[in-house]
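*Asks:* Starting off with a structure, shown below.
Bear in mind these aren't lab numbers, they're just calculated from the coordinates by the rules spelled out. Just so we're clear, the structure is a prediction, and the values are computed from it rather than from any experiment. Positions of Cβ are generated from backbone atoms using ideal geometry, with glycine treated the same way; all protein chains shown enter the neighbour counts.
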Ligand code: ATP
Ligand code: MG
């Protein structure tokens, strides 16, 4: 394993790790002092497995910590530098945000929204989305954001599950040169739902919309709303939001997060991981519709008074260099994105980023999927020019915040391409076998979390039983995230993919990420996805789907070369029985490869829930590629 990337920011706070390992509860209690509390907690943690309550009886407000604290000290500091794919721009200071948040909070009160009510938010990536979440948390309403690319059926399912009484949306949003009609989707979604009392509509895209009796116009209501709204003193354990998971493995789960513990987790991890400084320009490309946006666009950065770029639209529109234009224009210092986006940029070649001035960057981050070592090196060399540490952050909607990552704000350690490095201070992650016993270093197993952590979900909304079954039934008193991993002898974690997707070939267990990263190492391969299908002799056979880089021809010679390559870099055990070259892979709307769909196609099964699929055309494409190739080789593979 490569250890040559010894790069950090010079911080070396060994005492922090020591305090965390001496007594993790006391340590988190210490971290909690960084927030503003209206009343101190009686007990830092009540742990009735599997339910954790952090900072019990403490009182605070999320919106107050995210806005007021900075607005009081430095109202003129820029909070948001907004731009969309059409080139429209806006900027808001912390002082302006405070007034806006208060007005929207009062507007919600005018609509009858009270503490504990659920508010569904279906908005594009505009400042109003951030403001709306803070307005909800200011009055104790539980926000539930739906990614603005979802269809009306997905909205309906979530609105019904959360029983939201108010929905906040816009006429439309911009994506890839098109206007997405958001209000229209909401109209279809809530048809016949009596409990939905109001729909608040923000005019953004100049789109004609139907106006029914439940509908209220944002600007009309705000005109009547006063500029001052005190932040409610909320219990630390009060639910802050419901957010549905990406749906990579099936039907999305309604994750419920609390307030105090969640914010403490974010405050600390944002500082440790991004080493945030006053003059940084931070840019996280995640949509607020996903947890990364909630934690590391909204609450984490704002609690630190960060200035950030907020972008509405596709990162490659109108040109493939759009992201790099933004980095250069705003002088972005910290960039946080996904492996899937990086693979897409890589596919376009080095010329585009190389023709931009990216010298402002000082720290790079990634989240969402295992990052292939080859993609890591590209990010490090081509984007970071060998100067910027990469923080590969492992976490989930359920964990609320990052659990495993390098922490340049705390310590300087060698980075290993493809590894998320070590567990964060105060977090206890391990790799165990089927029986829950720790495995020795360099042994594959299941990732678990052994002690409660502050960002931990409270439960699944309205379904404690499912919460127990999904996360706490495989092992006693250990949280089971469902990921397969290995910890090396230096204590670094390597994520090998989903536990459900592990392949067992001739007695050997292989994580999908191991094989996929092997393929991506090849110069012609942009993306890879593998899955297993039953095989009489081997138990399982590997099926590989590959997307090639721009301009590469998928001829017989290349296929043979790819087979030889994977045998060489991973081992003969990784030889695929079939190898299909496709033009794209089925992905969730959050950009993750949906391997279960590939598996269904490979097994000729019925395709299950595709509501979170990015592009339904991709399923058809995988199907037709499969059929076409299967025919061409008479079911005999391409070996
Ligand atoms: P669902 O639970 O509905 O199937 P999901 O798991 O994709 O959806 P998220 O909470 O958005 O929903 O994703 C968390 C998962 O993403 C993790 O369990 C892990 O598999 C993967 N992941 C996130 N970050 C990383 C990372 N840095 N390295 C490897 N895998 C990661
Ligand atoms: Mg998950």
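*Asks:* So for the pair residue 583, residue 442, with labels modelled 7 Å out along Cα→Cβ, what separation do we get in nm?
*Replies:* 4.6
*Asks:* What is the gain in length, in nm to one decimal, between residue 489 and residue 38 on full extension, counting 0.36 nm per residue of separation less the C-alpha to C-alpha distance?
*Replies:* Gain on extension, residue 489 to residue 38, equals 157.9 nm.
*Asks:* Mind checking the full-extension length gain between residue 385 and residue 553? Use 0.36 nm per residue of separation minus the Cα-Cα distance, one decimal, nm.
*Replies:* 57.5 nm
*Asks:* Listed highest first by mean packing, meaning other Cβ atoms within 10 Å per residue, what order do 323-334, 211-222 come in?
*Replies:* Top to bottom by mean Cβ count within 10 Å: 323-334, 211-222.
*Asks:* Tilt of helix 127-138 relative to the longest C-alpha principal axis of the chain, in degrees (0 to 90, nearest 10)?
*Replies:* So the inclination is approximately 60 degrees.
*Asks:* Can you give me the relative contact order of the chain as a percent, contacts being Cα pairs under 8 Å and 6 or more apart?
*Replies:* Here the relative contact order equals 13 percent.
*Asks:* Measure nothing fancy, just the Cα-based angle from helix 616-632's long axis to the longest principal axis of the chain, in degrees from 0 to 90, nearest 10.
*Replies:* 0
*Asks:* Quick check on packing: order 532-544, 118-130, 511-523 by the mean number of other C-beta atoms within 10 Å, highest mean leading.
*Replies:* 118-130, 511-523, 532-544
*Asks:* As I understand it, the value is the acute angle between the Cα axis of helix 152-162 and the longest principal axis of the Cα atoms of the chain; what does it come to in degrees, rounded to 10?
*Replies:* The angle comes out at about 60 degrees.
*Asks:* Also, I was wondering about something else. Could you compute the FRET efficiency for residue 176 and residue 434, with r as their C-beta to C-beta distance and R0 at 60 Å, rounded to 0.05?
*Replies:* FRET efficiency, residue 176 to residue 434: 0.85.
*Asks:* Go ahead and estimate [θ] at 222 nm for the chain from helices alone: -39,500 (n - 2.57) per DSSP H run with n ≥ 4, summed, over the residue count, rounded to 500.
*Replies:* Theoretical 222 nm ellipticity from helices: -8000 deg cm²/dmol.
*Asks:* Now for a separate question. Which percent, nearest 5, of DSSP beta bridges in the chain are antiparallel?
*Replies:* 60
*Asks:* Which of the peptides 57-63, 400-406, 488-494 is most tightly packed, and how do the rest follow, judged by the mean count of other Cβ atoms within 10 Å per residue?
*Replies:* Sorting 57-63, 400-406, 488-494 by mean packing, highest first, produces 400-406, 57-63, 488-494.
*Asks:* Once R0 is set to 60 Å, what does the formula 1/(1 + (r/R0)^6) return for the Cβ-Cβ distance between residue 568 and residue 47, expressed as a FRET efficiency to the nearest 0.05?
*Replies:* That pair, residue 568 with residue 47, gives E of 0.75.
*Asks:* In which sequence would 456, 553, 344 go, from the one with the fewest C-beta neighbours within 10 Å to the one with the most?
*Replies:* With the sparsest Cβ surroundings first, the list reads 553, 344, 456.
*Asks:* Starting from the 7 Å offset along Cα-to-Cβ, what nm value, one decimal, do you get for the label separation of residue 210 and residue 91?
*Replies:* According to this spin-label approximation, the distance is 4.2 nm.
*Asks:* Find how much the distance from residue 356 to residue 472 grows on full extension, using 0.36 nm per residue of separation minus their present alpha carbon separation; answer in nm with one decimal.
*Replies:* Difference between extended and current length: 37.0 nm.
*Asks:* With the cut-off at 1.5 for a/c, could you classify segment 301-367 from its C-alpha gyration tensor as rounded, prolate or oblate?
*Replies:* Here segment 301-367 falls in the prolate category.
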